[in-house]
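Colleague: The structure's right below; bear with me while I get my questions together.
Bear in mind that the values in this text are calculations on the coordinates, not laboratory data. Everything quoted here is computed from the prediction, not taken from an experiment. We place every Cβ from the backbone using ideal geometry, glycine too, and count neighbours over all the protein chains shown.
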Amino acid sequence: MSNMIPVSSRASSIEYAIRDVVVPATELERQGHEILKLNIGDPLAYPGLPTPTHMVDAYAQALKDGRNGYSPSYGLPELRQAIAEDEQRKGWPATPDDVYVCHGVTEALQLLFAAVLEEGTQVLAPGPHYPPYMAYPQMYGAETVEYALKSTEGWHLDFDDIESKMNDRVRLLVLINPNNPCGTVCGADDVDKLLAIAQRYPNCILVADEIYDGLDFTGQHVSVASRSDTVPVVALNGVSKVYYAPGWRIGYMALHDPLGRLSLVRDGLERLLRSRLCASTPAQLGYLAGLTGERSWMDEYSTRVMQQRDYCIERIASIEGLDVEHPGGAFYMFIRLTDEQWMANDKQFVLDLLHEEHVLLVHGSGFSPELGKGHVRLVYLANLDVLCEVFDRIERFLQRHRP
């Protein structure tokens, strides 16, 4: 028998909990079972939240007009201008030259990691967090160190823990705001405290993942770049969540460089961007329509999402074995499992719930092995009748397994 060709350790060690749990769910579907899926943060996976028509029309028109070829590596000039103007409205003097359009925020992260990280450097990211912050830095010889969020205080930043873990090897300090998977929203005071910590480390860039900024239900969200007079900030955003078009794969990074210290990083980013050609041209034009068109539709969408959030909070409060810190933004709940048998094995909870009740969630330890364990993430974008059925099944499952 021939020897197996080896796989690289960087690939074989990567996990992505949100999609990994789909594998057993798909097998159950092949057997004829219908699965109630609340695992993935894709608004289009849930009825009633379609991509706005004027954006779809612009995308389709681009195809009809033959705007189908390669575009500039840094993004279409008119889209970079629109993004810069949108960032200006958030309170900082962005220019089109500060904006780089990517294949979603995930590619923006890969490019940023490639441009900044080296052997022995660190990324300091919140725990729990979006999985690529853990998966990708290792590819560049770096490591991700998690700082704690306060699990019984609304998942807010633990500044003592952040200060204890900052050092000269930390090149990227990450804030996900609103947070995925917890839904926490950080206001101006928290942002200012984080900037004050970063300011003491001259080679540190603050990464502001703001992909959910238009889904802030607290009124407290602020642009990190708008608060910084000294610390370089890379703002990440895109079309996926607030504009309900995740499959278009258009995101961006916007560099705020108040003291002019990012010229070498910019050069590295631009070299990397040129080497991978460009983001989808017609999808960029669809996003442009979203940025430049009217936005009244957002209020209707947000009202619906908040109603579904409030319903989930009410149901969780009524079910023994569940608890939750109220999320202030995004469309996730990070639910605490309070039954002793599940507190230490959230992944088994997810798998058993899937096989017995055909409900698919994501285990909290997939967002942080230590800081996320004992929790599950639920996406509350489904219709109220589906959410009702989901909680009925979860309650039945918990009762069945309770001694």
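Colleague: Which of the GluC sites (Glu not before Pro) found in the range 248-335 are in a DSSP loop and have at most 13 neighbouring Cβ atoms, other than their own, within 10 Å?
Modeller: Passing sites in the range 248-335 are Glu294, Glu320.
Colleague: I need the calculated FRET efficiency for the pair Arg400 and Ala60, taking r as the beta carbon distance and R₀ as 41 Å, to the nearest 0.05.
Modeller: Result of the calculation: an efficiency of 0.25.
Colleague: Which FRET efficiency, nearest 0.05, do Ser263 and Thr303 yield, Cβ-Cβ r, R0 60 Å?
Modeller: So, using R0 = 60 Å, E works out to roughly 0.85.
Colleague: Add +1 for every Lys or Arg and -1 for every Asp or Glu among the other residues with Cβ under 13 Å from the Cβ of Leu28, and state the total.
Modeller: Cβ neighbours under 13 Å give a net charge of -4.
Colleague: Would you mind telling me which residue in Gly214, Gly104, Gly66 has the biggest mean-square fluctuation in a Gaussian network model of the chain, where springs connect alpha carbons within a distance under 10 angstrom?
Modeller: Gly66
Colleague: If you take the C-alpha gyration tensor of the chain, multiply each eigenvalue by 5 and take the square root, what semi-axes do you get, largest first, in whole Å?
Modeller: Three semi-axes, in Å: 33, 26, 22.
Colleague: Pulled fully out, how much extra length does the chain show between Asn345 and Ser9, if you take 0.36 nm times their separation in residues and subtract their Cα-Cα distance?
Modeller: My answer for the length gained is 118.3 nm.
Colleague: So, R0 is 30 Å and r is the distance between the beta-carbons of Asp189 and Ser164; what FRET efficiency does that work out to, to 0.05?
Modeller: Once rounded, the FRET efficiency stands at 0.90.
Colleague: Looking at the square roots a ≥ b ≥ c of the eigenvalues of the Cα gyration tensor of the range 64-122, which shape do they give, rounded for a/c under 1.5, prolate if a/b is larger than b/c, or oblate?
Modeller: Oblate, because a/c is 1.5 or more while a/b does not exceed b/c.
Colleague: Here's another thing I want to ask about it. What relative contact order, as a whole-number percentage, does the range 53-292 give when Cα pairs under 8 Å and 6 or more residues apart are counted?
Modeller: 29 percent
Colleague: Measure nothing fancy, just the Cα-based angle from helix 297-318's long axis to the longest principal axis of the chain, in degrees from 0 to 90, nearest 10.
Modeller: Computed tilt is about 30 degrees.
Colleague: Right, something else. Would you look at the GNM of the chain, springs on alpha carbons closer than 10 Å, and say which of Pro178, Pro50, Pro126 moves the most?
Modeller: Pro50
Colleague: Something else about it: How far is helix 346-357 tilted off the main Cα axis of the chain, in degrees rounded to 10, range 0 to 90?
Modeller: 60 degrees
Colleague: Of the candidates Gln31, Gln122, Gln307, which one comes out as most mobile in a Gaussian network treatment of the chain with C-alpha springs shorter than 10 Å?
Modeller: Result for the chain, Cα springs under 10 Å: Gln31 fluctuates most.
Colleague: If you don't mind, there's one more thing I want to ask. For the range 305-348, what does the alpha-carbon gyration tensor say about shape, rounded, prolate or oblate, given a ≥ b ≥ c as the root eigenvalues, a/c under 1.5 as rounded, and a/b over b/c as prolate?
Modeller: Note, shape of the range 305-348 comes out prolate.
Colleague: Once both axes come from the Cα atoms, what is the angle between helix 104-116 and the longest principal axis of the chain, in degrees from 0 to 90, rounded to 10?
Modeller: 60 degrees
Colleague: Using all alpha carbons of the range 53-292, what is the percent of pairwise distances in each 5 Å bin, ordered from the shortest bin to the longest?
Modeller: Once binned at 5 Å, the Cα pair distances of the range 53-292 give 1, 7, 14, 19, 20, 17, 11, 6, 3, 1, 0, 0.
Colleague: Can I ask one more? Between the range 104-157 and the range 311-337, how many Å separate their Cα centres?
Modeller: With the range 104-157 and the range 311-337 each reduced to a Cα centre, they are spaced 26 Å.
Colleague: In terms of the ratio Rg/(2.2 N^0.38 Å) built on C-alpha atoms, what value belongs to the range 168-244?
Modeller: 1.08
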